[in-house]
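Accompanying notes for the structure given below.
The values are calculated or read from the model by the stated rules, or taken from the named source; none is laboratory data. Note that this is a predicted model, so its numbers are computed, not measured. Every residue, glycine among them, receives a Cβ derived from its backbone with ideal geometry; neighbour counts consider all protein chains shown. Remember, those area values only see protein heavy atoms, side chains included, never the ligands or the DNA or RNA. Shrake-Rupley method; radii C 1.70, N 1.55, O 1.52, S 1.80 Å.
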Amino acid sequence: IPWSIKWSRPFCQTLGHEGFWGGHTGPWFHRTEFGFDWWDMKRDDMNSNAILRAKWAGPKGTNLYVNPDITSGRFLVNWEPPRFPGYQCQSPIWGSSQPDATACYEHMLSNPACGKRYVTYNNGGCACYPPDMGVCVAAKVSGRLTWDFEPIPSSVEGFSLSESPLHSGKRCQDIQWKYAAGDATDCLEKIMTGGDPDCGTKYITWNANGGGCACYKPSQTTCVTTSESGRMTYELVSDPAFESGGSTPAAPTPTTAAPVTPE
């Protein structure tokens, strides 16, 4: 197989399938050092395929051009961004391919088999969720964009998150991983409505690298930090307007799930 064909096949396939912004374009466009190695499994067969092994290194360069799919609104629902980028919920119901996230949302609304709270879009793939699913058990999956159409509460059971993490990239001692959450507020909602007696109201930690949601014992009032990638630790803030036992509707009970690890 001529070298020109060996080189152009994977280059053109990657460019045609992913454009300049896909997840596998690093060695072609964005890395300062790269190397390619081909070998022909059947040298005597002119129709055989050459196997490619690619390695690359060096810093990743910045994109010179903005992905038109972003500026076009393809990955927005009526120009609203997803609440849980990079996550999908448990038990998705995948339907027909849709050209954009808004079309996916409209498909969900018109389908009686779909609940109306969550929808996930993945570069054409469109998923809704069962009508009786009140809580998203989040799983980190590359490329998934998930919307929650319930308003984000300002506080939950009398507590809210601090405006920014108390510790970014760190957790406290004696951490207890409990749930899977798509963002820090989702983690707060699950801890505060879960009724777990092991969870206090001083700190929570959300793992941005995997969606793990953790609390700390009610007796814990100090945070001795340990650096761990992705950990976002918040100190909870009391809501002075909250009245315990008031008429605020109860939040949905979190779906039972296996204990969550930080990975």
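Some points to look at:
- Segment 106-131 residues that are without any contact (Cβ under 8 Å) to a residue 40 or more places away in the chain and closer than 12 Å to T146 by Cβ, paired with ones that are of a type in the set (D, E) and open to solvent by 60 Å² or more (accessible area, probe 1.4 Å) (beta carbon under 8 Å, 6 or more apart): R117/E150
- Among residues of segment 175-190, those that are over 12 Å from L161 (Cβ atoms) and surrounded by fewer than 24 Cβ atoms within 10 Å (Cβ to Cβ), counted: 4
- Every residue from segment 110-127 that is open to solvent by less than 20 Å² (accessible area, probe 1.4 Å) and among the aliphatic types (A, V, I, L, M): V119, A127
- Breaking point among (1) in contact (Cβ under 8 Å) with a residue 60 or more places away in the chain; (2) buried (at least 23 other Cβ atoms within 10 Å of the Cβ), for A214: (1)
- Filtered residue count, segment 149-188, keeping only those that are within 18 Å of S229 (Cα to Cα) and without any contact (Cβ under 8 Å) to a residue 12 or more places away in the chain: 1
- Considering L161, L166, the condition of being of a type in the set (A, V, I, L, M) and open to solvent by less than 60 Å² (accessible area, probe 1.4 Å) is satisfied by L161 alone.
- Residue match in segment 48-63 (condition: closer than 30 Å to D100 by Cα, in a helix (DSSP H, G or I) and not aliphatic (A, V, I, L, M)): no
- Scan of segment 16-67 for residues that are open to solvent by 70 Å² or more (accessible area, probe 1.4 Å), in contact with a strand residue (DSSP E or B) (Cβ under 8 Å, 6 or more places away or on another chain) and aromatic (F, W, Y), ordered by number: F34, W39, W56
- Enumeration of residues in segment 73-90 that are open to solvent by less than 70 Å² (accessible area, probe 1.4 Å) and not basic (K, R): G73, F75, L76, V77, P82, F84, G86, Y87, Q88, C89
- Single condition V137 does not satisfy, out of (1) farther than 30 Å from H24 by Cβ; (2) touching a residue at least 24 places away in the same chain (Cβ under 8 Å): (1)
- Residues that are modelled with pLDDT of 75 or more and open to solvent by less than 70 Å² (accessible area, probe 1.4 Å), drawn from segment 1-15: I5, K6, S8, P10, F11, T14, L15
- Restricting attention to segment 217-254, the residues that are in contact with a helix residue (DSSP H, G or I) (Cβ under 9 Å, 6 or more places away or on another chain), open to solvent by less than 90 Å² (accessible area, probe 1.4 Å) and either modelled with pLDDT of 90 or more or not small (G, A, S) (or both) add up to 5.
- Set side by side, the residues F75, F20 differ, and just one is at pLDDT 85 or above and either within 29 Å of W147 (Cα to Cα) or part of a loop (DSSP other than H, G, I, E, B) (or both), which is F75.
- Selected residue (only one of D37, D69, D44 is part of a helix (DSSP H, G or I), on the phi < 0 side of the Ramachandran plot, acidic (D, E) and modelled with pLDDT of 75 or more): D69
- Segment 221-240, residues that are closer than 23 Å to V156 by Cβ and in contact (Cβ under 8 Å) with a residue 12 or more places away in the chain: T221, C223, G230, R231, M232, T233, Y234, E235, L236, V237, S238, D239
- Odd one out for I152 among (1) touching a strand residue (DSSP E or B) at 6+ places or on another chain (Cβ under 9 Å); (2) aliphatic (A, V, I, L, M); (3) open to solvent by 70 Å² or more (accessible area, probe 1.4 Å): (1)
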